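Q: Sharing a structure below in C-alpha cells format, with a few things to ask.
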Amino acid sequence: MLQSLFGYDLNALQSIAEKLNLGQSAAVKMYKYIYNAGVSSINDMVTISAKKRNLLKRYYTTDIVSFSDVQVSVDGTKKYLFDYGDFRLVEAAYIPEDNRATLCISSQVGCKMSCSFCMTARQGFHANLTVAEILNQIAAIPERDKITNIVFMGMGEPFDNADNVFKAIDIITHQQGFGIAPGKVTVSTIGIIPGINRLFAETKCNLAISLHNPFSHERKQIMPVENRYKLNDIMDIITGLSVKEQQRVFFEYILFDGVNDSQDHILELSKLLNNMSCKVNVIRFHPIPGSDLKSPDEDSVIKFMRDLNSKGVVATVRKSRGQDIFAACGLLSTQKKANP
Ligand code: SF4
C-alpha cells in the first residue's frame, strides 16, 4: 500500500531519499513541495527528475484528507470537520478578521481533562492526533494560503500529546515548511507544566493559559487538572522562565455568571498577574447542553474587563465568533457523532 509523505519531518524524508538514492537535495525539495507549496501529487515536484519522481511514486503519495463537512457563519467564521476514520472526528475553525486570519486547530480526538464547561470533555478521550492529522487541518482547507495565525485551541489538551504537537509546530514554523512565524503561533494549555517548560525551551511560540479562576479550591471544581498542576506552581514557572523576545503569554478567562466574576476574583487576579507582562482575554461563556453554568450578560463582561484594567491588568474581551455554527469547540463533532 502506498504511504503518504505528508506529516514526515526533514529527517524522515532524508532517510527515504537515501534509501531510494534520490540525491542530496531531494529531501529538502520534497519538504518544500509538501508543506510550503502544498503540492497535490509527487508529479508536481518538478525540480526532482522524472525518473526519481517515478521511483518515489512506487512507494509514496502526498495525499491528505479532505474535510468532510463545513459550516459557515454569518460573520465569515468557518468550522471544518475532518473524519479520520474509526469515529475520529476533529474540528478546525477558520476565523478571518480585518488584518489577519486565524486557524484554530485540534490536537486530540476528544480529551481526558474533564473541564466541566467544555463540550469536547463530554466525548471522553479517543486518540492523540498524529503529526499528519494535526497538519492536515491546515493543508486541507481552501483558505490555507490566507492563514496568518495558528492557535492550538481546538479539541484536546495540546501538551497531553506533546511530542506530536512539538513536531507539528516545527513544520508549521519552519521557513521551508508552512513558514508561519513562531510569534504567530499560540499553544493553549490548561496548565500542563512539562509542556509549558518545553514550549519555552524549544520554541518561540506564544503561550495561552486557561485560567478561569484565580482561587485554587474553586478552579478545582471546574478544572480537575488543578489537583495535579497547581495554579501557583504554574505562575512560579512562568515568572521564572526566560521569555524570549516577542514571545507572549496570554491568560484565557471564561466568565461564568455568579461563579468567577466577583470583586474578590478581580482582586485575586490582579495580585496574581500584576507583575507579569501578559494579557488576559476575557471570554463570555456560552452555555452547553446539560451544564448548570450560565452565561453573564455582555455588560457584565465589559465591566469585568474594565475592573481588571483599573487594577493594572491588561485585559480585553475576546469577540465571540461563529456562534450560529456551533463554533464552541467540540459541539459540531459531538452533534455529528450523535447524528452521523
Ligand atoms: S477545555 Fe481543553 S483541556 Fe479542558 S476538557 Fe476541553 S479540550 Fe480538554
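The values are calculated or read from the model by the stated rules, or taken from the named source; none is laboratory data. Please read all numbers here as calculations on a predicted model, not as lab measurements. In this analysis, Cβ positions are derived from the backbone assuming ideal geometry, glycine residues included, and neighbour counts consider all displayed protein chains. In case anyone asks, the SASA skips ligands and DNA or RNA and just uses the protein heavy atoms, side chains included. Shrake-Rupley method; radii C 1.70, N 1.55, O 1.52, S 1.80 Å.
Q: Quick one: accessible surface of residue 64, probe radius 1.4 Å, all protein chains present, in square angstrom to the nearest 10.
A: Around 70 Å² of this residue is reachable by solvent.
Q: For residue 248 and residue 18, compute 0.36 nm times the residue count separating them, minus their Cα-Cα distance, and round to one decimal in nm.
A: Value of the extension gain: 78.8 nm.
Q: Stretch residue 215-residue 100 to full length: gain in nm at 0.36 nm per residue minus the Cα-Cα span?
A: 37.9 nm
Q: Here is a follow-up. Running Debye on the chain with equal point scatterers at the Cα sites and no solvent, what base-10 log of I(q)/I(0) appears at q = 0.07, 0.08, 0.12, 0.14 Å⁻¹?
A: -0.31, -0.40, -0.87, -1.14
Q: Compare the peptides 42-51, 161-170 by average per-residue count of other Cβ atoms within 10 angstrom and give them in order, highest first.
A: Going by the mean number of other Cβ atoms within 10 Å, highest first, we get 161-170, 42-51.
Q: So, one more: Could you tell me how far the Cα centroid of the range 157-212 sits from the Cα centroid of the range 5-20, in Å?
A: 23 Å
Q: Now for a different question. From the P(r) of the range 3-61, could you give the percentage of C-alpha pairs in the tail past 17 Å?
A: Roughly 23 percent, rounded to a whole number.
Q: Note the angle between two axes, namely the Cα long axis of helix 193-202 and the longest principal axis of the Cα atoms of the chain, as a number of degrees from 0 to 90, rounded to the nearest 10.
A: Its long axis makes an angle of about 50 degrees.
Q: Next question. So for the chain: antiparallel DSSP bridges make up what percent, rounded to the nearest 5?
A: So the antiparallel bridges amount to about 40 percent of the total.
Q: With a 1.4 Å probe and every protein chain left in place, tell me how much accessible area residue 210 has, in Å² to the nearest 10.
A: 20 Å²
Q: Helix 10-19 versus the longest principal axis of the chain: what angle, 0 to 90°, nearest 10, using Cα atoms?
A: 20 degrees
Q: Between residue 148 and residue 54, what length in nm is gained on full extension when 0.36 nm per residue of separation is reduced by their alpha carbon distance?
A: Here the segment from residue 148 to residue 54 would lengthen by 30.4 nm.
Q: Let me ask you something else. What span do the alpha-carbon atoms of the range 244-288 cover on each of the three principal axes, reported in whole Å from largest to smallest?
A: That gives 37, 24, 8 Å along the principal axes, largest extent first.
Q: Against the globular-protein guess of 2.2 N^0.38 Å, express the Cα radius of gyration of the range 181-256 as a ratio, rounded to two decimals.
A: In units of the 2.2 N^0.38 Å rule of thumb, it is 1.09.
Q: On a 1.4 Å probe surface of the protein chains, which of 157, 18, 268 comes out largest in accessible area, and what is the full order?
A: So the residues, ranked largest to smallest area, are 18, 268, 157.
Q: Let me ask you something else. Largest first, please: the extent of the C-alpha atoms of the range 29-101 along each principal axis, to the nearest Å.
A: The principal-axis extents, from largest down, are 49, 37, 14 Å.
Q: Which far-off residues, 5 or more places away or on another chain, put their amide H under 5 Å from the one on residue 143, with H placed in the peptide plane?
A: Residues meeting the amide H criterion: none.
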